[in-house]
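Note sheet for the following structure.
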Amino acid sequence: MQPDLTTENSPASENRPASENRPASGDRIADVRDIVIIGSGPAGLTAAIYTARANLAPLVIEGEISSTSDQPGGQLMLTTEVENYPGFIDGIQGPDLMANFRAQAARFGTEYLTEKVTKVDLSVQPFEIWVGDTHYRARCVIISTGARSRMLGLPAERRLIGHGLSTCATCDGFFFQDHDIAVVGGGDSALEEAQFLSKFARSVTVVHRRDSLRASKIMQDRAFRNERISFRWNSVVTDLLGEERLAGARLRDLVTGEESVLAVTGLFIAIGHIPNTSLFTGQLDMDEAGYLITHAGTATNIEGVFAAGDVQDHTYRQAITAAGSGCMAALDAERWLESP
């Protein structure tokens, strides 16, 4: 349910210049909120649990269900079995885990808006957030929009993700004991994934589109010494085989043009991630890859704006670390709101 809508003459806007109080033609203005959380993965929903329990009545704008980059629940909605999240002895399905997060936050009064934020203005206070033609304002904002894995762009990816196709070896490697699997990529991340997966798999084939790796020399040396790791050079994946589970990958040799089938039951895509930060370009500090830069916990370069989860973490990218940073952001935001 959306908050009650008011006009621009609300008490919270009395001290703002008239030009800032006036919305664009046709906009509807919502009451000023203490806190708005943009994104609803483990980071955003943990932040919602904490801020709701602090009686801050958070609004979580959770994205569009049809969106693959910022869908409600984040990347765990594309994960089947989760066995490394504490508290679930027998594991739990990714969507079920996120449903639990969501219900727990709702229990304490969190409000949800299943829409996509279309624009933000973080140069004014209260901060301004647009969702279509509705204009929200908040004293504090927590950004938890996450990051999405770079994919191969194949039609079968959506069908097979979580069913033999993965983007996280740490999350899913355990399920591939004694399997023949492949890793796509040629950087440090790809070789780290291959090394980790070789602890479980019968064989690991690294598929790389060039005849040399981009990874650091030490990572290359480790991979070349690993008897379980082999390489398919100058090759790209052109199709994924299997209906309900991955049954193989079709490869094309970029030198000869020859196509072949690689018989694998697991394939890990390790060609990088894209943080969902385009909404904040020119307003918040980012690193070269587009991740939000935080300091002193989860604070961004704008006071009252905090960031948590994969949107600012390009190292760990785990549900548990995202949830932890969501807790940090909530506590940071609560303290900021209480400060003089």
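Placing pseudo-labels 7 Å out from each Cα toward the beta carbon at ARG159 and ALA263 gives an inter-label distance of 2.2 nm. The helix-based estimate of mean residue ellipticity at 222 nm for the chain, built from -39,500 (n - 2.57) per DSSP H run of four or more residues and divided by its residue count, is -6500 deg cm²/dmol to the nearest 500. The alpha carbon convex hull volume per residue for segment 151-269 rounds to 91 Å³.
Against the main long axis of the alpha-carbon atoms of the chain, helix 42-53 sits at an angle near 30°. Database note for the chain: Cys without another Cys beta carbon under 4.7 angstrom, CYS140, CYS327.
Compared with the direct C-alpha span, the chain from SER339 to SER230 gains 33.5 nm at full extension, assuming 0.36 nm per residue.
Its relative contact order, with pairs defined as Cα atoms under 8 Å and 6+ residues apart, puts the chain at 19 percent.
Rounded to the nearest 10 degrees, what's the angle between the helix 319-338 long axis and the longest principal axis of the chain, both from Cα atoms, 0 to 90? Rounded to the nearest ten degrees, it is 20.
With a cut-off of 11 Å between beta carbons, the residues surrounding GLY91 carry a summed charge of -4, where Lys and Arg count +1 and Asp and Glu -1. Which one of GLY257, LEU154, ASN234 is farthest out on the positive end of the charge dipole of segment 151-269, using unit charges on Cβ (Lys, Arg +1; Asp, Glu -1) and the Cα centre as origin? Of the candidates, ASN234 comes out farthest on the positive side.
Summarising the label geometry, the points placed 7 Å from Cα in the beta-carbon direction at THR238 and SER278 lie 3.0 nm from one another. The value given for the chain is a Kirkwood hydrodynamic radius of 21.5 Å, derived from the mean inverse Cα-Cα separation.
Each of TYR112, TYR85, TYR136 was scored by other Cβ atoms within 10 Å of its Cβ. Arranged with the fewest first, they read TYR85, TYR112, TYR136.
Listed by chain and number, the aspartates and glutamates whose alpha-carbon sits under 15 Å from that of LYS116, ignoring those within fewer than 8 places in the same chain, are GLU62, GLU64, ASP70, GLU128, ASP133. Relative to the longest principal axis of the chain, what angle (0 to 90°, nearest 10) does the C-alpha long axis of helix 94-107 take? So the helix axis and the longest Cα principal axis differ by about 10 degrees.
Where a number appears in this text, it was derived from the coordinates with a stated rule and is not lab data. As the structure is a computational prediction, the values presented were derived from the model and not from experiment. Here Cβ is always computed from backbone atoms with ideal geometry, including for glycine, and neighbour counts include all displayed protein chains.
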